[in-house]
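Presented below is the structure to which this report refers.
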Amino acid sequence: MSQLPQPAVLWEPDRERRERATITAFTRWVNEHRAVEAEDYDALWRWSVTDLDGFWSAVWEYFGVPADRDYDQVLADHAMPGATWFPGAQLNYARAIFHDRDDDTVAIRHASELRVLGEWTWGELKRRTAAIAAGLRQLGVGKGDRVVAYLPNLVEAVAAFYACAAIGAVWSSCSPDFGVRAVTDRFAQIEPKVLLAVDGYRYGGKDFDRRDVVAQLREQLPSLHHTVVLSYLQDEPVAGALSWEEFEAAGEGAPLEFTPVESDHPLWVLYSSGTTGLPKAIVHGHGGIVLEQVKNLNLHLDAQESDRVFWFTTTGWMMWNFLVSVLLTKASIVLYDGNPAHPDLGALWDLAERAGVTIFGTSAGFLATCMKADLHPMAGRDLSALHAIGSTGSPLSPEAFDWCYREFGHGLWLFSTSGGTDICSCLVGGVPTLPVYEGEIQARSLGMAVASWDPEGNELIGEVGELVVTQPAPSMPLYFWGDTDGERLRDSYFAMYPGVWRHGDWVKITERGTVVIYGRSDSTINRGGVRMGTSEIYRSVLAIEEVTDALVVDVPQSDGGSRIELFVVLREGAEVDDELARRIARGIRQDCSPRHVPDGIRAISEVPRTLSGKVLEVPVKRILMGESADRVASRDSLANPHALDYFTELAAPSASSAS
Ligand SMILES: CC(=O)CC(=O)O
């Protein structure tokens, strides 16, 4: 066990901060109402992952989750996969969102590159959600039907999602910067009945007309009965599609009704890409998401009535689902659609000032960019309402922690958090009553039995190992859409340690209970939280005539960021010149997303493969991170072991400093 010096404490909640945290009141309540004596967070966490029934029933009861019928049991089956949560319950996510609201209070503040800051009260949100729900019903959408959205992070998208949930339909969204193939690879799997789309958007001051993409989606999604298009960029109708105005007008004046559904009725489908095959279509249920988000957003984010919570996200990242779930608490939310660095890096900080943001969420990459640009967000802005900054998407470097505290002072609660699409929440993250140590995540989340394991399944403290979850949690996937025998789900999380969830991150749990994440232990390319499988990138790159084979890796850098390195095998006579590099980048931008354009492209003579033909992505990534080839791969199992030599040379200090 390593005994490294303790990192600096950057924030320590004072007595007043601890007293006003919801987790403090919750802890007192469970001490009184459950057989537990939790004197500190560590004791509370240990109880929460040992007495699952006690903990999750406490969350349900303490936060008064509204239900049409109570559950018969908290957890009927503890086995993973297959755990069954809250059987017997009848509830609805949207009912929990709209429960006990004051029509005149602001629910959502929103802005974009095309729209100035506006706000919707709860009354407005309810009216628009009801109209969309009625509009969907009129289009023949009912319980279990899929509605897909190719929409930016606009207030209409939020209302449309709540409307879908209210009628028991299943929601799924992609951000409009995704190309046709990335979208059809996702949406076609779930055979949607209705597509809600945008005609275009503005990003970085440039207009992107998406009408041709929408037309192609309509062609390539044969299950679609209707398409509704929101005129957001231009004011022209789209042939053959219903306009958003007509669609909402058809349902105008309808009451907002909630279809009671079982706890495991699908709420949404999120996507996560692996190395082979189509992106995994991850299905989460109403009950599991309501309970997990009520816990996470009240106890960890500590979202309270006076809070205005902003998180920079698109509709293609699970942080959107997280953000819209903040309305399960008493706080309001702030949306933004556009380039966070346009017209300059002050854009989001300006929004924070104008919208009175109190909790500002972003990616570690954005904070690192602000730091590198030597930005001073407080200069010339009144950010006095801001009391917390949240960071996710990738590990936040110690330098970025220091930058935040230098810029915002030691009154700020800065928390880094990590989890992801698979559970649509945080496995580890912020706790408002614990100190913040430089470069570290504060703790494991309540109800998440997170540990670091070695390959033999021994628990590690103070050492890097595989991040595992040893007990079921309510927001784990119900199943993957189309994975009828559950094989892909078992393969994705339970192949390494049967019966135990292996998340695919490298993690260290310290002696103090804090957490450090060291990046993906698999080869998924994660950019600002948006995961793209290497297979998707290969499909794009291999469509280029000169490219015969390829390997792509996302290599963590010492500053907390990462570089996407693409290696291509080329036809004889071809070379990676500017023109080819541009074509490759354009292809990836269109087929996948602009975020996944490589930082470097190099020609290689052979892609290293196992005897069964699998590309050696993780070993190559580890070599580029400085490990020796012999440690990361057994040469006997490789078809062409010599192909690793190139990467060893590239990783040598002289080579990398030259590149
Ligand atoms: C909470 C998260 O884990 C976000 C992400 O990295 O995708």
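The values are calculated or read from the model by the stated rules, or taken from the named source; none is laboratory data. Just so we're clear, the structure is a prediction, and the values are computed from it rather than from any experiment. Reconstructed Cβ throughout: ideal geometry from the backbone, glycine too, with neighbour counts over all protein chains shown. In case anyone asks, the SASA skips ligands and DNA or RNA and just uses the protein heavy atoms, side chains included. Shrake-Rupley method; radii C 1.70, N 1.55, O 1.52, S 1.80 Å.
I'd like the residue in the range 299-317 that is open to solvent by 10 Å² or more (accessible area, probe 1.4 Å) and either modelled with pLDDT under 95 or of a type in the set (S, T, N, Q) (or both) and, out of all such residues, is nearest to the ligand (Cβ to nearest atom).
Trp317
Taking Ala96 as the residue in question, decide whether it is under 19 Å from Leu478 (Cβ atoms), surrounded by 16 or more Cβ atoms within 10 Å (Cβ to Cβ) and out of contact with any strand residue (DSSP E or B) (no Cβ under 8 Å at 6 or more places or on another chain).
Working: under 19 Å from Leu478 (Cβ atoms): yes; surrounded by 16 or more Cβ atoms within 10 Å (Cβ to Cβ): yes; out of contact with any strand residue (DSSP E or B) (no Cβ under 8 Å at 6 or more places or on another chain): yes.
Criteria met by Ala96.
Table: residues versus (1) outside any helix (DSSP H, G or I); (2) in contact with a Phe, Trp or Tyr (Cβ under 9 Å, 6 or more places away or on another chain).
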position	(1), (2)
Gln6	yes, yes
Leu10	yes, yes
Thr24	no, no
Trp29	no, yes
Glu39	yes, no
Asp42	no, no
Arg46	no, no
Asp53	no, no
Val65	yes, no
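Given the condition assigned to a loop (DSSP other than H, G, I, E, B), within 24 Å of Phe322 (Cβ to Cβ) and within 16 Å of the ligand (Cβ to nearest atom), answer yes or no: does some residue in the range 404-418 qualify?
So in the range 404-418, the residues assigned to a loop (DSSP other than H, G, I, E, B) come out as 409-412, 417.
With the extra rule that they be within 24 Å of Phe322 (Cβ to Cβ), the set shrinks to 412, 417.
In the following step, the residues that additionally are within 16 Å of the ligand (Cβ to nearest atom) were identified as 417.
Within the range 404-418 (the criterion being assigned to a loop (DSSP other than H, G, I, E, B), within 24 Å of Phe322 (Cβ to Cβ) and within 16 Å of the ligand (Cβ to nearest atom)), the answer is yes, since at least one residue qualifies.
Looking at Val36, is it over 28 Å from the mean Cα position of the chain (by Cα) and over 19 Å from Ala159 (Cβ atoms)? I'd like the intermediate steps shown before the answer.
Values: over 28 Å from the mean Cα position of the chain (by Cα): yes; over 19 Å from Ala159 (Cβ atoms): yes.
Criteria met by Val36.
(1) touching a residue at least 12 places away in the same chain (Cβ under 8 Å); (2) in a loop (DSSP other than H, G, I, E, B); (3) not assigned by TED's automatic domain parsing to the domain that holds Gly338: which one isn't true of Val229, the others all being true?
(2)
I need the full set of residues from the range 484-535 which are open to solvent by 20 Å² or more (accessible area, probe 1.4 Å), within 16 Å of the ligand (Cβ to nearest atom) and among the hydroxyl-bearing types (Ser, Thr, Tyr), in order please.
Matches in the range 484-535: Ser492, Tyr518.
Tell me whether the range 149-171 contains one or more residues that are farther than 25 Å from Val106 by Cβ and either basic (Lys, Arg) or without any contact (Cβ under 8 Å) to a residue 12 or more places away in the chain (or both).
At the first step, the residues of the range 149-171 found to be farther than 25 Å from Val106 by Cβ are 150, 167-170.
So of that shortlist, the ones also either basic (Lys, Arg) or without any contact (Cβ under 8 Å) to a residue 12 or more places away in the chain (or both) come out as none.
Within the range 149-171 (the criterion being farther than 25 Å from Val106 by Cβ and either basic (Lys, Arg) or without any contact (Cβ under 8 Å) to a residue 12 or more places away in the chain (or both)), the answer is no, since none of the residues qualifies.
Restricting the first residue to the range 497-509 and requiring it to be over 18 Å from Pro477 (Cα atoms), which pairs with a second residue that is part of a loop (DSSP other than H, G, I, E, B) and of a type in the set (Gly, Ala, Ser) meet a Cβ separation below 8 Å and a spacing of at least six or different chains?
Sorted first by the residue in the range 497-509, then by its partner, the pairs are Trp506/Ser521; Lys508/Gly462; Ile509/Gly462.
Could you please let me know if Val283 is modelled with pLDDT of 95 or more and away from the ligand (no atom under 14 Å from the Cβ)? Steps first, answer last, please.
Numbers: modelled with pLDDT of 95 or more: yes; away from the ligand (no atom under 14 Å from the Cβ): yes.
Yes; evaluated as a whole, the condition is true for this residue.
Please state which of the following conditions Leu427 fails to meet, knowing it meets all the rest: (1) surrounded by fewer than 23 Cβ atoms within 10 Å (Cβ to Cβ); (2) at negative phi.
With (1) surrounded by fewer than 23 Cβ atoms within 10 Å (Cβ to Cβ); (2) at negative phi applied to Leu427, the lone miss is (1).
Considering each residue of the range 209-235, count those that are in contact with a strand residue (DSSP E or B) (Cβ under 7 Å, 6 or more places away or on another chain) and exposed (fewer than 15 other Cβ atoms within 10 Å of the Cβ), and give that number.
Number satisfying all stated conditions: 3.
Only one of Pro472, Pro477 is within 16 Å of the ligand (Cβ to nearest atom) and not basic (Lys, Arg); which?
None of the others qualify; the one that does is Pro477.
Check Leu434, Leu467 and return the single one that is assigned by TED's automatic domain parsing to the domain that holds Thr27, buried (at least 21 other Cβ atoms within 10 Å of the Cβ) and in a loop (DSSP other than H, G, I, E, B). I'd like the intermediate steps shown before the answer.
Values: Leu467 fails: in a loop (DSSP other than H, G, I, E, B).
Only one candidate qualifies: Leu434.
Kindly evaluate Ile423 against the criterion of being within 15 Å of the ligand (Cβ to nearest atom) and part of a strand (DSSP E or B). Full working, then the answer.
On the way: within 15 Å of the ligand (Cβ to nearest atom): yes; part of a strand (DSSP E or B): no.
In short, no.
Please tell me if Ser540 is over 25 Å from Phe312 (Cα atoms) and within 16 Å of the ligand (Cβ to nearest atom). Steps first, please.
Details: over 25 Å from Phe312 (Cα atoms): yes; within 16 Å of the ligand (Cβ to nearest atom): no.
No.
Looking only at residues in the range 326-344 that are in contact with a strand residue (DSSP E or B) (Cβ under 9 Å, 6 or more places away or on another chain) and free of Cβ contacts under 8 Å to residues at least 60 places away in the same chain, which one is surrounded by the most Cβ atoms within 10 Å (Cβ to Cβ)?
Here is the first cut: in the range 326-344, the ones in contact with a strand residue (DSSP E or B) (Cβ under 9 Å, 6 or more places away or on another chain) are 326-327, 329, 331-340, 342.
Within this subset, residues satisfying the condition of being free of Cβ contacts under 8 Å to residues at least 60 places away in the same chain are 326, 329, 331, 340.
On the way: Val326: 27, Thr329: 22, Ala331: 21, Pro340: 19.
So, considering only residues that are in contact with a strand residue (DSSP E or B) (Cβ under 9 Å, 6 or more places away or on another chain) and free of Cβ contacts under 8 Å to residues at least 60 places away in the same chain, the one surrounded by the most Cβ atoms within 10 Å (Cβ to Cβ) is Val326.
When the range 266-280 is examined, which residues are found to be under 14 Å from the mean Cα position of the chain (by Cα), open to solvent by less than 10 Å² (accessible area, probe 1.4 Å) and among the aliphatic types (A, V, I, L, M)?
The one that is under 14 Å from the mean Cα position of the chain (by Cα), open to solvent by less than 10 Å² (accessible area, probe 1.4 Å) and among the aliphatic types (A, V, I, L, M): Val269.
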